[in-house]
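J.: My questions will all concern the structure given below.
The values are calculated or read from the model by the stated rules, or taken from the named source; none is laboratory data. Since we're looking at a predicted model, the values are computed, not measured. Here the Cβ positions follow ideal geometry from the backbone for every residue, glycine too, while neighbour counts run over all protein chains shown. When the accessible area is computed, the model is the full protein with side chains, heavy atoms only, and any ligands, DNA or RNA have been set aside. Shrake-Rupley method; radii C 1.70, N 1.55, O 1.52, S 1.80 Å.
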Amino acid sequence: MAGVKFEQAMARLEAIVGELEKGDLPLDESLKIFEEGIRLSKNCLKVLEEAERKVEVLVQDTNGKKQLRAFTSDDIAVPGSAEDS
């Protein structure tokens, strides 16, 4: 599982969801691919968390000095928020 790329894991997850939504699989096979999906999901989450830690943003403090700091979910602009107007 460790050598699976993020995009490959996401594609397999989408395939698993499709298979489970059809509802044609026997219970034991459904459980097997469900467990595979959970493992893939955890792997993808780990990759995303690592990527998030690597992303930094350049911010300017009140004195005009620019500094690098880690990107957080608070940096995402929400359309329609007060900051957009």
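J.: Against the definition (open to solvent by 70 Å² or more (accessible area, probe 1.4 Å), out of contact with any helix residue (DSSP H, G or I) (no Cβ under 8 Å at 6 or more places or on another chain), part of a helix (DSSP H, G or I) and modelled with pLDDT of 75 or more), how does Glu49 come out, yes or no?
T.: yes
J.: Another question about this same structure. From the residues in region 56-72 that are modelled with pLDDT under 80 and of a type in the set (Val, Ile, Thr), which one is nearest to Phe6 (Cα to Cα)?
T.: Among those that are modelled with pLDDT under 80 and of a type in the set (Val, Ile, Thr), it is Thr72.
J.: List every residue pair whose Cβ atoms sit under 6 Å apart, with the two residues 6 or more apart in sequence or on different chains, where the first one lies in region 7-32 and is of a type in the set (A, V, I, L, M, F, W, C) and the second, anywhere, is surrounded by fewer than 11 Cβ atoms within 10 Å (Cβ to Cβ) and not in a helix (DSSP H, G or I).
T.: Final answer for the pair search is none.
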